[in-house]
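All remarks here apply to the structure that follows.
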Amino acid sequence: MKNRNVTGIVLAVIYCIVLFKILTDSPPGEAPNNPLWAYTMIPLGAIAITSLFDYVIKFDLFDFFKKKK
């Protein structure tokens, strides 16, 4: 398996959890009323974040701590 950027994966998981919580938040007794495209932003954002850290930024915070030891 290719060496993946762990920082990008961690940020993508945090992004997915936070966005899901925001999208499903609604007043008590009511269903969330969001368009379908709002829920497609969860996987698209995660792909964008991991791609950005893998190919553009190339900075891995967890790898930085391993090299210091």
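Pairing residues of the stretch 26-38 that are hydroxyl-bearing (Ser, Thr, Tyr) with residues that are modelled with pLDDT of 90 or more, at Cβ distances under 8 Å and at least 6 apart in sequence or on separate chains, gives no pairs at all. Would you call THR24 out of contact with any Leu (no Cβ under 8 Å at 6 or more places or on another chain) and either surrounded by 11 or more Cβ atoms within 10 Å (Cβ to Cβ) or at pLDDT below 90 (or both)? Yes; evaluated as a whole, the condition is true for this residue.
So that you can scan it fast, the table gives a plain yes or no per residue for (1) of a type in the set (A, V, I, L, M, F, W, C); (2) surrounded by fewer than 14 Cβ atoms within 10 Å (Cβ to Cβ); (3) closer than 25 Å to ASP63 by Cα; (4) at pLDDT 90 or above:
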| position | (1), (2), (3), (4) |
| --- | --- |
| VAL10 | yes, no, yes, yes |
| ILE17 | yes, yes, yes, yes |
| PHE20 | yes, yes, no, yes |
| GLU30 | no, yes, no, no |
| TYR39 | no, no, no, yes |
| GLY45 | no, no, yes, yes |
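You will find that of ASN3, ASN34, the residue that is part of a loop (DSSP other than H, G, I, E, B), surrounded by 11 or more Cβ atoms within 10 Å (Cβ to Cβ) and not hydrophobic (A, V, I, L, M, F, W, C) is ASN34 and no other.
The values are calculated or read from the model by the stated rules, or taken from the named source; none is laboratory data. In this text, all values refer to a predicted model and were calculated from it rather than measured experimentally. Using ideal geometry, Cβ is built from the backbone for each residue, glycine included, and neighbour counts are taken over all protein chains shown.
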